[in-house]
Amino acid sequence: MRKTALSEEILLQVEKPARYIGNEVNSVVKDREDVAVRFAMCFPDVYEIGMSHLGIQILYSMFNSWEDVWCERVYSPWTDLDQIMRKQHIPLFGLESQEPVKEMDFLGITLQYEMCYTNILQILDLAQIPLLATERGEDMPIVIGGGPCTYNPEPIADFFDLFYIGEGETQYRRLLDWYVENRENGGSRQDFLRGAAQIPGIYVPQFYEELYHEDGTIEGRRKLYEELPDVVRKEIVTDVSDTYYPLRPVVPFIKVTQDRVVLEIQRGCIRGCRFCQAGQIYRPVRERHVDILKRYAVEMLQSTGHEEISLSSLSSSDYSQLNELLEFLIEECGQKHINISLPSLRIDAFSLDVMRKVQDVKKSSLTFAPEAGSQRLRDVINKGLTEEVILRGAALAFEGGWTRVKLYFMLGLPTETEEDIKGIGELSNKIAATFFETVPKDKRVNGKVQIVTSTSFFIPKPFTPFQWAPMCTKEEFLEKAYQTKKGIMEQLNQKSIKYNWHEADVSVLEGVFARGDRRVAKVILEAYRRGCLFDSWSEYYKNDVWIQCFEDCGVDIGFYTTRERSDDEIFPWDFIDCGVTRQFLLREWKKAQAGVVSPNCQEQCQGCGAGTFECGICPTAS
Amino acid sequence: MKIRIKFSKYGTMKYIGHLDMMRFFQKAIRRAGIDVKYSEGFSPHQIMSFAAPLGIGMESKGEYMDIEVCSMTSTQDMKEALARVMVEGVDIISVSVLPDNAKNAMASVAAASYLLQRKEGDYPVNDLAEKLQAFLALEAIPYTKETKKSVVELNLKEGIYELAADGSNAIRMMVNASSSGNIKPGMVMEAFCSFAGVEIPAGSYQIIKLETYTENAHKFVPLDAV
């Protein structure tokens, strides 16, 4: 019978014990004697969040499709269990085997957002693995980081043995083969790391040193061994129709955030919004063939029994076969009582028609993401959405019976003025007015329209044209949120508009981590030691502790956030090649400041550099 | 067509709560390709009814669930199809067709039998069998049930139908499990402890539900014997 790492007493004491027992449908249990490599794959957040992540499901199924590898899942124990494990010295375990992570060969941690950084330390700590890579002995697992945050791994470089930059499908086989070969040859941990550093996409941070100017900016990097690469180029799957896909994803017992079949229809985005990191680092756009997607949908619904399916991509409306795919899904799912959860589509006649077929119009809401309140600022950020398009879409939707609209904006974008902020209230008001103009009084459901306007704070991210931009202070952010609220209150239809804004404290911290360098690591370590954990959960976020840690460690927040960066400043992440070149990003930064838009990849190639991958939408693709 | 499914729940599955078990079966029924009937309306759901929720931490050899199907080949085929999509800790014991006028599983429940198995060693009670007999012979078995909202004084006596030792490390009981007079085995154990003047922590024994019964012509019969 299955064993559990935790005693019955503990399991009956903690919230949702199902987070820790494994045994889910489609989870993979192998015989440890039959495998050469054991891999613990971790999402450093609570089970319900981590289980909703597609990337881990892809890699989990890829690893386990290899006979000699057993991949298990690991998530952050929630705070109740965290306390018990510390008190009783229970080592963190893999869900499948229920055996300690420290006995495995690898611990892979996916880094999806900066605010999980203290959770990385929790995972290592509970696993009883030394927090610093250089302090790990021969018998400790190799700790690997992957995911979008590895495009600037420097703030957490001390905690990882290596980073895998880019898409995991391409080089893991080679990495694991080298691991086994090195072990069979009696090679050491250092031997493994030196060899691994030769594999494309692999970055071993302890072999490099960051050098600084007197003013604190980066002077350059020194490498420990001559053979090490100066630049690490991201890995990419050139044909996404011919690669691994989790046709039997793990089905959790408890309700998780994404409790459905997820079809990844494409990778990358043609749009090139200048604030968006995903839009740059996942270039070029690569579509998955619609026939493959149809087959995946049928197989995955069958293997999981899920009652819902959703599409995943950065901009689903740009998928060229969307019409055909949705028609197929509506037909297929309708018969089987399966819901289709639509991603945010561009609002037009087609998408409204689809939505009407799959959602309850009365209960669903429409989403627009203008991101900025004025056309001028939307041009700056290269968001190709115009007021005319939004109002036309809203009118169509109101005619179709929708009464709820969600609007997303950012505050603190480069060049933002008071006028731009006013524009947020004005646009919200115009949408409300459109409702009253479009829908005659006797046809209004409940007699009203509901507009929810939300703002988040802009955080400059590496590998975007805005990587040079200064970020606002917390006080500036809050003043902007106040101005937005005031602007909305002044509107004629203000009673139809609800305003939400994001917290400013955590945005500042995210700003530091996003563009931080290796000197930030000690603050993260210190904050963790003082009890910071689950920072992305507002009820656990301890801003005072963080601020004190920056002070005590002598690290200046403003240096990373509000400081103006010169065109030629060396950034901590410059050694990574994500395809998109620095020259292109700088060109876009200048165009942004001039308020000039750039055409998207579909319209005209901008020579961003991703063409060197010779795939997807790029003219260089064969 | 109404179908009654009997299953067991044990091992790590005892940590899965009632609502999650329902979700588990909804997905399992789809994986098994059963032609289950759905409710009407904009968000149709499978027509499904569980006999009685089993508390987290308890095991069972006699759980029941009713579904309705539009079509089926045979109960044997359905049993096999379901068995193929289970996980360790849930076994399909039987699948049977109910008469169309049968009450649903939940409304049918009258009683349940349990085994309270010590996890380690014997119960700390001398002459366990006699003590249980003496306890059951009491004229009244008072029990104070405290909930968040109220305190209710109950007499368990009339709801305990059987109570006996099974060796020195297990106790068997059959108690009222109907919606109006449900008695949890832990309640009986608590009352017995204060009668016998012993302490038996709730975590020291495993509760295993053995069977769920309905009342038929003044007799208790298992739910799948209808």
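Compare the peptides B:3-16, A:188-201 by average per-residue count of other Cβ atoms within 10 angstrom and give them in order, highest first.
B:3-16, A:188-201
Using just the Cα positions, wrap segment B:32-85 in a convex hull and report its mean projected area in square nanometres, one decimal place.
Convex hull of Cα atoms, orientation-averaged projection: 5.1 nm².
Inside 10 Å of the C-beta atoms of A:11-21, what's the mean count of C-beta atoms belonging to other chains?
4
Roughly how many nanometres apart are two label points built 7 Å out from the Cα toward the Cβ at A:SER312 and A:ASN185?
3.7 nm
Just to confirm a number: summing +1 for Lys and Arg and -1 for Asp and Glu over residues other than A:THR473 whose beta-carbon lies under 13 angstrom from that of A:THR473, what do you get?
-2
When each pair of different Cα atoms in segment A:238-359 is counted once in the 1/r mean, what is the Kirkwood radius in angstroms, to one decimal?
Over segment A:238-359, the inverse of the mean reciprocal pair distance is 15.2 Å.
Can you send over the carbon and sulfur percentage of the accessible area for the protein assembly as shown, probe radius 1.4 Å, protein chains only?
Solvent-exposed carbon and sulfur of the protein assembly as shown make up 50 percent of the total.
What is the helix-to-structure angle for A:582-593, meaning the angle in degrees between its Cα long axis and the longest Cα principal axis of chain A, kept from 0 to 90 and rounded to the nearest 10?
Compared with the principal axis, the helix lies near 30 degrees.
Excluding residues fewer than 8 places away in the same chain, name every one of the lysines whose C-alpha is closer than 23 Å to that of A:LYS522.
Reachable lysines: A:LYS223, A:LYS461, A:LYS474, A:LYS542.
Apply 1/(1 + (r/R0)^6) to the Cβ-Cβ distance of B:ALA225 and A:LYS255, taking R0 = 30 Å, and write down the FRET efficiency to the nearest 0.05.
Once rounded, the FRET efficiency stands at 0.30.
Stretched out fully, how many nm does the piece from A:GLU324 to A:ASP353 gain, at 0.36 nm a residue minus the Cα gap?
Fully extending the segment from A:GLU324 to A:ASP353 adds 9.1 nm.
What whole number of Å gives the distance from the Cα centroid of segment A:285-310 to the Cα centroid of segment A:473-543?
When both Cα centres are located, 37 Å separates them.
In units of 2.2 N^0.38 Å, what is the alpha-carbon radius of gyration of chain A?
Here the answer is 0.98, to two decimals.
Once you have the Cα-Cα distance between A:LYS362 and A:GLU33, take 0.36 nm times their residue separation minus that, and quote the gain in nm to one decimal.
My answer for the length gained is 112.8 nm.
What number comes out for accessible area per residue over segment A:360-515 if the probe is 1.4 Å? Units Å², please.
42 Å²
In straight Cα distance, which lysines are under 26 Å from B:LYS131, not counting same-chain residues fewer than 8 positions off?
B:LYS119, B:LYS145, B:LYS157, B:LYS184, B:LYS209
Net charge near A:ARG267: determine it from the other residues with C-beta under 13 Å of the C-beta of A:ARG267, scoring Lys and Arg +1 and Asp and Glu -1.
-3
Whole percent per 5 Å bin, from 0 to the bin with the longest distance: what is P(r) over all C-alpha pairs of segment A:145-242?
2, 12, 21, 22, 20, 12, 6, 3, 1, 0, 0
Excluding B:THR75 itself, calculate the net charge of residues whose Cβ lies under 13 Å from the Cβ of B:THR75, where each Lys or Arg counts +1 and each Asp or Glu counts -1.
Around B:THR75, the charge tally is +1.
Compute the helix-to-body angle for B:75-84: its Cα long axis versus the longest principal axis of chain B, expressed 0 to 90° and rounded to tens.
So the inclination is approximately 80 degrees.
Using r as the Cβ-Cβ distance of A:SER454 and A:GLU331, and R0 as 30 Å, what FRET efficiency do you calculate, to the nearest 0.05?
Between A:SER454 and A:GLU331 the formula returns 0.30.
Put a dot 7 Å past each Cα toward the Cβ at A:CYS605 and B:THR73; how far apart are the dots in nm?
Going by the 7 Å Cα→Cβ label model, 5.6 nm.
Mind listing P(r) for segment A:8-233? All alpha-carbon pairs, 10 Å bins, whole percents.
7, 33, 37, 17, 5, 1
Per residue of chain B, what 222 nm ellipticity follows from adding -39500 (n - 2.57) for every DSSP H run with n ≥ 4, rounded to the nearest 500?
That comes out to -6500 deg cm²/dmol.
Kindly compute the accessible surface that chains A and B hide from a 1.4 Å probe when together, both sides summed, and give it to the nearest 100 Å².
2300 Å²
How much space per residue, in cubic angstrom, does the convex hull of the C-alpha atoms of segment A:41-160 take up?
Value for segment A:41-160: 105 Å³ per residue.
Mind checking A:347-358 for the average number of partner chain beta-carbons within 10 Å of each residue's beta-carbon?
Per residue, the average neighbour count from other chains is 0.
Grab the beta carbon distance between A:THR417 and A:THR562, set R0 = 25 Å, and tell me the FRET efficiency rounded to 0.05.
Once the sixth-power term is evaluated, E becomes 0.90.
Would you calculate, for chain A, the mean residue ellipticity at 222 nm contributed by helices, counting each DSSP H stretch of 4 or more residues as -39,500 (n - 2.57) and dividing by all residues, to the nearest 500?
The helix-only estimate for chain A comes to -10000 deg cm²/dmol at 222 nm.
If you look for lysine pairs in segment B:2-102 that are eight or more places apart or on different chains, how many of them have Cα atoms under 18 Å apart?
14
Quantify how strongly other chains surround peptide B:14-27 by giving the mean number of their Cβ atoms within 10 Å of each of its Cβ atoms.
Across the residues of B:14-27, the mean count of other-chain Cβ atoms within 10 Å is 5.
If we sort B:131-138, A:162-169 on the protection proxy, mean other Cβ atoms within 10 Å, highest first, what's the order?
A:162-169, B:131-138
Can you list the residues of segment B:39-85 that have at least 50 square angstrom less accessible area with all protein chains present than in their chain by itself, probe 1.4 Å?
In segment B:39-85, residues shielded by partner chains: B:PHE42.
For A:LYS443, which lysines qualify as cross-link partners when the Cα separation must be under 27 Å and same-chain residues fewer than eight apart are set aside?
Answer for A:LYS443, where 27 Å is the Cα cut-off: A:LYS357, A:LYS362, A:LYS363, A:LYS406, A:LYS430, A:LYS495, A:LYS498, listed by chain and number.
If you take the Cα atoms of segment B:2-102, find Rg, then find the Kirkwood Rh from the mean of 1/r over all pairs, what is Rg/Rh?
The Rg/Rh ratio comes out at 0.95.
Which value in nm describes the separation of the simple spin-label points at B:SER168 and A:ASP239, placed 7 Å from the Cα toward the beta carbon?
So the two model labels end up 7.2 nm from each other.
Could you give the angle, 0 to 90 degrees to the nearest 10, between helix A:172-184's Cα long axis and the longest principal axis of the Cα atoms of chain A?
10 degrees
What residues of segment A:551-591 lie in the reach of a label at A:GLU209, counting those whose backbone N is under 13 Å from a point 7 Å from the Cα along Cα→Cβ?
Flagged as within label range: none.
Hey, what does the equivalent ellipsoid look like for segment B:108-225, semi-axes from the Cα gyration tensor as sqrt of 5 times each eigenvalue, largest first, whole Å?
With the √(5λ) rule applied to segment B:108-225, the semi-axes are 23, 18, 14 Å.
Rank by packing, highest mean first: peptides A:34-44, B:189-199, A:19-29, with packing defined as the count of other Cβ atoms within 10 Å averaged across residues.
A:34-44, A:19-29, B:189-199
The values are calculated or read from the model by the stated rules, or taken from the named source; none is laboratory data. Predicted model, so just to flag it, every value in this text is computed and none were measured. All Cβ positions, even for glycine, are placed from backbone atoms using ideal geometry, and neighbour counts span all protein chains on display. Heads up: the accessible areas ignore ligands, DNA and RNA and are worked out on the full protein's heavy atoms, side chains in. Shrake-Rupley method; radii C 1.70, N 1.55, O 1.52, S 1.80 Å.
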